[in-house]
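Contents: one structure, followed by commentary.
The values are calculated or read from the model by the stated rules, or taken from the named source; none is laboratory data. Values in this document were obtained by computation on a predicted structure and should not be read as measured data. Cβ coordinates were reconstructed from backbone atoms using ideal geometry, including for glycine residues, and neighbour counts include every protein chain displayed.
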Amino acid sequence: MPNNRGIYLLPNLLTTAGLFSGFYAIVASMNDQFIAAAVAIFIAMVFDGLDGRVARMTNTQSEFGAEYDSMADIVSFGMAPALVMYNWALSDLGKFGWLAAFIFVAGGALRLARFNANLAASPDKRFFQGLAIPSAAAIVAGAVWVGNEYGIDPATVNYGVAILTICCGLLMVSNFKYHSFKEVDWRGKVSFLVILVVVLIFVIVATEPSLVLFGIFFLYAFSGPITTFRSVKRLKLEHVIGDPDDEAKDPEKSDIEQK
């Protein structure tokens, strides 16, 4: 009988690298190295995007890898951004500060649990249901990065970033539709103009990476409610939050991917 007790090295190595980046972000924020902490979270996003794609390309998907990836995600994109934000600006708010950070962590955990519980569904690949946890982490980490890059006193914005942190946590467990960009054919041919646009995007990001990245993910967070409101004739509570199983029974509502 074949030995199925081993684990695939390459995709799990990438997942471990992402986990390490998230853990480093927490440690860096404890030492008041907030820019390094924020950058580490964005690096974790790169590894998180690579591990699944590498597993599919090399046919090394496994149940262990999927579970390990979820555990790493809650650390890198749940605990890490919440604690980085708490150490930077929320600690002075007392109970309200750590509750705001906890709402973000809980929202991320619930989002991952909802995704894992609905893997067997047949969702619309074009959309995520709720804000993806890496995108929420990018907003929180980006806010810390921008604040330190431009010398903003956290005491002057602590209530604002607390509300931002809470909103990100709530958006993750919402039913708002977010484009997944999975319909893009990354292996297909494109025109030369597309390559020029990609180069231009890299140049723009390189000029002010903290501000540009934060702005991109902040606007992406707004796109979910806008897309949802434009796609329904009459807004109902289940379009914002509710049981997706109840929503799936209505033929007038499209299935949305959980992640």
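At-a-glance table
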read-out: Which listed residue is out of contact with any Gly (no Cβ under 7 Å at 6 or more places or on another chain), among the polar types (S, T, N, Q) and at pLDDT 90 or above, from S223, S180; value: S223
read-out: Odd one out for A121, checked against (1) surrounded by fewer than 24 Cβ atoms within 10 Å (Cβ to Cβ); (2) among the small types (G, A, S); (3) touching an Asp or Glu at 6+ places or on another chain (Cβ under 9 Å); (4) at pLDDT 95 or above; value: (4)
read-out: From A136, A109, residue being touching a Cys at 6+ places or on another chain (Cβ under 8 Å) and in a helix (DSSP H, G or I); value: A136
read-out: A109 being modelled with pLDDT of 95 or more, touching a Gly at 6+ places or on another chain (Cβ under 7 Å), closer than 16 Å to L19 by Cα and surrounded by 24 or more Cβ atoms within 10 Å (Cβ to Cβ); value: no
read-out: The range 156-174 residues that are in contact (Cβ under 8 Å) with a residue 12 or more places away in the chain and buried (at least 18 other Cβ atoms within 10 Å of the Cβ), paired with ones that are in a helix (DSSP H, G or I) and of a type in the set (D, E) (beta carbon under 7 Å, 6 or more apart); value: N158/D92
read-out: Top-ranked residue of the range 50-63 - restricted to ones that are surrounded by 12 or more Cβ atoms within 10 Å (Cβ to Cβ) and not polar (S, T, N, Q), ranked as nearest to L13 (Cα to Cα); value: D51
